[in-house]
Structures are given as C-alpha cells and as structure tokens.
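A.B. asks: Here's a structure for you.
The values are calculated or read from the model by the stated rules, or taken from the named source; none is laboratory data. Just so it is clear, the model here is predicted, and its values are computed rather than measured. Cβ sites come from the backbone with ideal geometry, for glycine too, and all protein chains shown count toward neighbours. Areas reflect the complete protein model, heavy atoms only, side chains present, ligands, DNA and RNA absent. Shrake-Rupley method; radii C 1.70, N 1.55, O 1.52, S 1.80 Å.
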Amino acid sequence: MCGIVGIVSTEPVNQQIYDSLLLLQHRGQDSTGIATADGPVFHMAKARGQVREAFRTRDMRSLLGDMGLGHVRYTTKGAAEREEEAQPFYVNAPYGIVLVHNGNLTNTRELSGDLFSIDRRHVNSTSDTEMLLNVLATELQGQIKGLELDPDQVFDAVTQVHERVEGSYAVISMIAGYGLLAFRDPYGIRPLILGRRYTDAGKAEWIVASESLVLENGDYEIVRDVAPGEAVFISLDGELFSRQCARNPRLVPCSFEYVYLARPDSVMNGISVYEARLRMGDRLADTVAEHMSLGDIDVVMPIPDSSRPAAMQVAQKLGIEYREGFYKNRYVGRTFIMPGQAQRKRSVRQKLNAMGTEFKGKNILIVDDSIVRGTTSQQIVQMARDAGANKVTFSSAAPPVRYPHVYGINMPSRQELIAHGRKIPEIAAELGADHMIYQEVVDLQAAITEGTSIDALDMSCFTGDYVTGTVTEEYLEWVERTQLS
C-alpha cells in the first residue's frame with residue numbers, strides 16, 4: 001500500500017503535489033518522492049521519512065514544471081531502510097519515463113529473469129516498481145513507429161504490460177515531452193481516481209490519485225474511477241485519451257482499503273469508506289448480540305481512529321453507552337504500517353493512553369477495525385486491565401486475518417498472523433481478553449458492497465482465495481522465506 005498522485009496543470013505543480021501527498025500520508029510513512037516535468041526535462045526529489053520532513057525549500061524550488069507526480073511509500077517489496085528504493089523511478093529510454101506505483105507484483109522472479117535475458121535491462125534495486133517501469137519502457141519501445149509517440153502506441157504498450165505482469169498495480173507515469181499516463185491492473189485491486197477542474201480561461205486541468213479526498217481538497221470534480229485494466233493518457237495541453245487495455249477486466253477491489261487503509265472521507269469505486277465502516281458496525285453488532293449477553297457489557301470503546309465509525313454503530317444498535325477511553329497521540333504514525341515488529345511494539349504505548357476513569361470496574365467491549373499480528377491488541381487489552389477494567393471483550397470489524405496479503409499490504413508471513421492456525425477462543429487467550437468476537441466474512445463483504453453493482457472483493461487475507469488465480473502455495477512459501485515485515 002502506497003499513496004500516489006499525478007497532475008497535469010497550467011501552472012507549477014510542485015506545491016499541489018506536496019499538498020496532495022500530505023493528504024495521502026496515512027498510506028505510507030517510510031519515504032516520499034516528487035517528480036515534475038518542465039517541458040522535456042524531469043526534476044526529482046525523494047527522501048526517507050514523511051512529507052513534511054523530506055522536502056526543503058531548495059527541493060521545492062528545483063521542482064519546476066506544470067506536470068508532476070508524487071508518492072508516499074509503505075514498504076511491501078524492497079528494503080525499507082534504503083533511500084534508493086524510494087519512488088519515483090526513472091529510465092531514460094524511450095524518451096524518458098518516470099513512474100510511481102501502488103500495489104505489489106507477484107511474478108517478480110520471472111520478471112527479473114526476463115528483464116535480464118530478454119529485455120537486456122538492468123534493475124538497480126529490489127523494488128518491483130523499478131521492474132514494472134522497465135517492462136513498460138520495453139513495451140513502449142516496441143510500439144514506437146517513427147519519431148512521434150501517439151496515445152494508441154501508449155495503450156498498446158500498456159496492453160503488453162498487462163500480459164507480462166501479475167498482481168496488483170495502480171500506476172502513474174510521465175513520458176518526457178508527451179504527457180501523463182495512468183493505468184490500473186485488470187482486477188482494480190488498488191484504487192485510482194480521475195478528477196478535472198477548469199481554469200478561468202476554460203482550460204482543463206487533470207489529476208489522478210489514490211483517494212478522492214485529494215481531488216476534493218484541490219477543488220477538482222471527481223470524473224470517475226479509472227476502470228480495471230484501463231489506461232488514461234493526458235497530453236501536455238490537457239487533452240484526455242483513454243482505452244481499455246486488458247482482455248477480461250473485472251472489478252475486485254481490496255476489502256482492506258475499506259477496513260483500515262483509506263481515510264474515512266474518501267470514496268473509492270463508488271463506495272464511501274465512512275459509510276462502509278458504519279455498516280461494518282451494524283453487522284458486527286448483530287454478531288456481538290448473538291454471542292454475548294448484552295448485560296455483560298457496560299460500555300463500547302473504539303481504538304482510535306479508524307474503528308470509530310464501527311464502534312459508534314455497535315453502541316447505537318445495541319443500546320450500550322459509547323465512551324472514548326483511549327487517548328491518541330497524533331504525533332506517532334500508524335503502527336500497522338511501520339516496518340519491523342519491534343518498532344510497532346514500541347510505538348503502541350507511545351500512541352495510546354488509557355484514561356482510568358473510563359475503565360475502572362467496568363466490562364468493556366473494545367472495537368478495533370482489524371487484528372493482524374496482535375501486537376497492538378495484546379498491549380491494548382493489558383492497558384485496559386491496568387486502567388481497572390473488570391472484563392475486556394475484544395471485537396474486530398473485520399474477520400480473522402489468517403492468510404498472507406500479497407497484493408500490497410505488509411502481511412507476508414502466516415506465522416506472524418495471530419489468527420493463523422488458531423481458533424477464536426485461542427486468539428482471545430493469546431490477547432489476554434475474556435472474549436473475542438470477529439466480523440463474519442459474508443457480513444464484511446455485504447457491508448462494503450451494499451448498494452453497488454460490485455459482486456466481489458479481494459478478501460484473500462481472510463479467506464485464502466487469491467483473486468488473480470496465480471498465487472500458489474510455493475509462491476507463499478517463497479515470500480515467507482525472502483520477505484520480512
């Protein structure tokens with residue numbers, strides 16, 4: 001999971017890209033980068049850390065041009081500590097291409113061999129994004145007829161990219177001297193949204209981004225989501241071209257976007273994240289009522305912030321008092337997306353503090369959005385007990401995470417997942433909770449897709465059913481051997 005944005009404007013885009021990345025900071029905190037195009041010349045700045053600490057005034061002044069793209073990184077592939085792994089990536093031929101990518105490729109072993117032995121291209125990092133860039137460059141080179149590049153040639157190249165790469169990918173790239181290209185994998189696993197606004201002179205300006213809140217903040221109207229398998233190309237003068245480039249596209253978005261990753265004020269694939277989380281709370285309330293005596297619950301408490309909508313609905317539907325017992329330090333990042341288990345564990349108590357007056361002598365129902373490794377949950381349960389809680393019931397607005405997520409979320413190893421190989425009472429014991437209640441898989445899907453025409457979600461981390469159909473047991477074992485989280 002990362003956050004990406006691309007803009008074609010009539011004025012300098014450096015500040016617009018910077019502001020957009022601030023809005024996407026929740027999607028990645030490891031590193032960040034911006035590239036702009038001033039005519040045929042690219043300018044780039046990237047660094048480790050968050051947006052506010054990465055770019056200095058001299059960096060912003062050097063980012064010249066009316067077209068640009070940006071990235072915030074949350075490491076799922078490659079080394080988190082290496083600044084060279086930060087996006088964007090650049091190749092100088094054909095024409096010069098800069099690219100950012102949100103997602104995760106699942107056939108990198110095959111691509112690595114092909115890029116060396118067939119394409120004769122050198123990849124200088126362990127990032128699958130650099131592989132994707134080089135595949136695009138190779139295919140674009142093969143489509144060029146003459147000196148000029150036209151949108152059809154670009155779209156033909158994207159068609160070949162779809163044939164060669166597997167996994168999830170939302171991509172934004174710039175082609176020097178020509179324009180901005182954006183495309184999405186044939187299943188639309190990761191989000192990508194297109195927006196437009198007009199200048200006073202009536203000229204169109206365009207934006208593509210991971211979440212709709214970026215468009216709204218910049219006063220862009222939401223045109224639509226980029227469709228699964230579709231590519232859009234925006235020329236330097238603001239003309240939009242689009243084409244479906246995949247053989248059998250089908251929208252199967254990632255359910256975890258709605259559970260945790262996206263900001264609640266975003267709309268993706270026509271689904272309001274906030275409203276989906278409210279519906280998760282409604283359905284979780286039914287499950288709580290089925291498995292517990294409501295007289296054994298004094299108060300409902302969320303783990304701030306992403307579980308708050310679900311917790312409010314649980315409390316309202318069950319007629320139980322809603323209280324906020326955990327205070328969040330907003331100057332600590334999201335622990336789930338921090339690289340390394342030790343760093344996550346250290347950050348939990350820095351992030352949350354339990355207020356004793358809300359816990360003392362009470363039976364608490366804690367609502368979290370999800371439970372992945374259990375590191376945070378264990379400490380939260382202990383904090384509630386230390387603050388004087390009588391009984392602690394822990395609930396999750398998502399089902400048990402039992403399988404690795406290979407499409408762009410940092411869950412590579414089954415052994416890390418607290419629910420893997422354990423029954424729910426065993427998970428409760430591991431967390432130190434008196435009771436443990438999870439959302440049902442069917443209820444999560446219904447909560448997210450209600451009122452839409454979407455008939456499937458990628459729920460692989462809950463069910464072990466991988467939507468691309470190319471994820472094998474051998475691949476999962478290889479991921480576990482070679483990737484740390």
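A.B. asks: Please count how many residues of the stretch 1-19 are open to solvent by less than 10 Å² (accessible area, probe 1.4 Å) and assigned to a helix (DSSP H, G or I).
C.D. replies: Of the residues in that region, 1 qualify.
A.B. asks: Pairs under 6 Å by beta carbon, first residue closer than 19 Å to residue 86 by Cβ in the stretch 127-146, partner among the aromatic types (Phe, Trp, Tyr) and open to solvent by less than 30 Å² (accessible area, probe 1.4 Å), six or more apart or different chains?
C.D. replies: From residues that are closer than 19 Å to residue 86 by Cβ, the pairs are 129/89; 130/89; 133/89.
A.B. asks: With of a type in the set (Phe, Trp, Tyr), open to solvent by less than 50 Å² (accessible area, probe 1.4 Å), outside any helix (DSSP H, G or I) and touching a residue at least 40 places away in the same chain (Cβ under 8 Å) as the only criterion, which of 475, 466 stands out? Reasoning before the result, please.
C.D. replies: On the way: 475 fails: outside any helix (DSSP H, G or I).
One residue alone meets the criteria, 466.
A.B. asks: So residue 241 ticks every box in (1) crowded, with 16+ Cβ neighbours inside 10 Å; (2) within 24 Å of the chain's Cα centre (by Cα); (3) of a type outside the set (Lys, Arg); (4) more than 22 Å from residue 71 (Cα to Cα) but one. Which box is left unticked?
C.D. replies: Every condition holds for residue 241 apart from (2).
A.B. asks: Scan the stretch 131-150 and give yes if some residue there is under 19 Å from the mean Cα position of the chain (by Cα) and modelled with pLDDT of 95 or more, otherwise no.
C.D. replies: Here is the first cut: in the stretch 131-150, the ones under 19 Å from the mean Cα position of the chain (by Cα) are 132.
Checking which are modelled with pLDDT of 95 or more leaves us with 132.
Yes, there is a match, as at least one residue in the stretch 131-150 is under 19 Å from the mean Cα position of the chain (by Cα) and modelled with pLDDT of 95 or more.
A.B. asks: Only helices (runs of 4 or more DSSP H) wholly contained in the stretch 342-452 count here; list those with 3 or more residues that are under 26 Å from residue 293 (Cβ atoms), open to solvent by 10 Å² or more (accessible area, probe 1.4 Å) and in contact (Cβ under 8 Å) with a residue 40 or more places away in the chain.
C.D. replies: By residue number, 375-386, 441-449.
A.B. asks: Identify all residues within the stretch 194-218 that are open to solvent by less than 30 Å² (accessible area, probe 1.4 Å), closer than 14 Å to residue 6 by Cβ and not in a loop (DSSP other than H, G, I, E, B); write none if there are none.
C.D. replies: Step one: of the stretch 194-218, the residues open to solvent by less than 30 Å² (accessible area, probe 1.4 Å) are 194-195, 204-215, 218.
If we keep only those that are closer than 14 Å to residue 6 by Cβ too, we end up with 194-195, 205-211, 214-215, 218.
Of everything in the stretch 194-218, those that are open to solvent by less than 30 Å² (accessible area, probe 1.4 Å), closer than 14 Å to residue 6 by Cβ and not in a loop (DSSP other than H, G, I, E, B) turn out to be 194, 195, 205, 206, 207, 208, 209, 214, 215.
A.B. asks: Residue 78 versus (1) modelled with pLDDT of 95 or more; (2) more than 15 Å from the chain's Cα centre (by Cα); (3) closer than 23 Å to residue 184 by Cβ: which is the lone unmet condition?
C.D. replies: Checking residue 78 against (1) modelled with pLDDT of 95 or more; (2) more than 15 Å from the chain's Cα centre (by Cα); (3) closer than 23 Å to residue 184 by Cβ, the one that fails is (1).
A.B. asks: For residues in the stretch 141-174 being part of a loop (DSSP other than H, G, I, E, B) and closer than 23 Å to residue 71 by Cα, which is most open to solvent (accessible area, probe 1.4 Å)? Quick ask: steps written out before the conclusion?
C.D. replies: Here is the first cut: in the stretch 141-174, the residues part of a loop (DSSP other than H, G, I, E, B) are 144-150, 165-166.
Going one step further and asking which of them are closer than 23 Å to residue 71 by Cα, we end up with 165-166.
Working: 165: 8, 166: 69 Å².
Looking at residues that are part of a loop (DSSP other than H, G, I, E, B) and closer than 23 Å to residue 71 by Cα, I get 166.
Rundown of residues vs (1) touching a Ser or Thr at 6+ places or on another chain (Cβ under 7 Å); (2) of a type in the set (D, E, K, R); (3) under 25 Å from residue 354 (Cα atoms), yes/no style:
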| residue | (1), (2), (3) |
| --- | --- |
| 393 | no, no, yes |
| 402 | no, yes, no |
| 407 | yes, no, no |
| 418 | no, no, yes |
| 424 | no, no, no |
| 428 | no, no, yes |
| 437 | yes, no, yes |
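A.B. asks: Checking the condition touching a His at 6+ places or on another chain (Cβ under 8 Å) and either hydrophobic (A, V, I, L, M, F, W, C) or not in a strand (DSSP E or B) (or both), which residue from 228, 191, 186 passes?
C.D. replies: Values: 228 fails: touching a His at 6+ places or on another chain (Cβ under 8 Å); 191 fails: touching a His at 6+ places or on another chain (Cβ under 8 Å).
None of the others qualify; the one that does is 186.
A.B. asks: Here's a follow-up. Taking residue 138 as the residue in question, decide whether it is of a type in the set (Ser, Thr, Tyr), over 23 Å from residue 253 (Cβ atoms) and crowded, with 21+ Cβ neighbours inside 10 Å.
C.D. replies: Values: of a type in the set (Ser, Thr, Tyr): yes; over 23 Å from residue 253 (Cβ atoms): yes; crowded, with 21+ Cβ neighbours inside 10 Å: yes.
In short, yes.
A.B. asks: Sticking with this structure for a sec: When both residues are 6+ apart or on different chains and their Cβ atoms are under 8 Å apart, which pairs have a first residue that lies in the stretch 54-65 and is open to solvent by 50 Å² or more (accessible area, probe 1.4 Å), and a second that is charged (D, E, K, R)?
C.D. replies: 64/38
A.B. asks: Shifting gears a bit: Tell me, which residue of the stretch 92-107 that is surrounded by fewer than 21 Cβ atoms within 10 Å (Cβ to Cβ) and touching a residue at least 12 places away in the same chain (Cβ under 8 Å) is farthest from residue 157 (Cα to Cα)? Lay out the reasoning, then the answer.
C.D. replies: Taking the stretch 92-107 first, the residues surrounded by fewer than 21 Cβ atoms within 10 Å (Cβ to Cβ) are 92-96, 107.
Now drop any that are not touching a residue at least 12 places away in the same chain (Cβ under 8 Å), which leaves 93-96, 107.
Numbers: 93: 14, 94: 12, 95: 14, 96: 15, 107: 19 Å.
Only one residue tops the list, namely 107.
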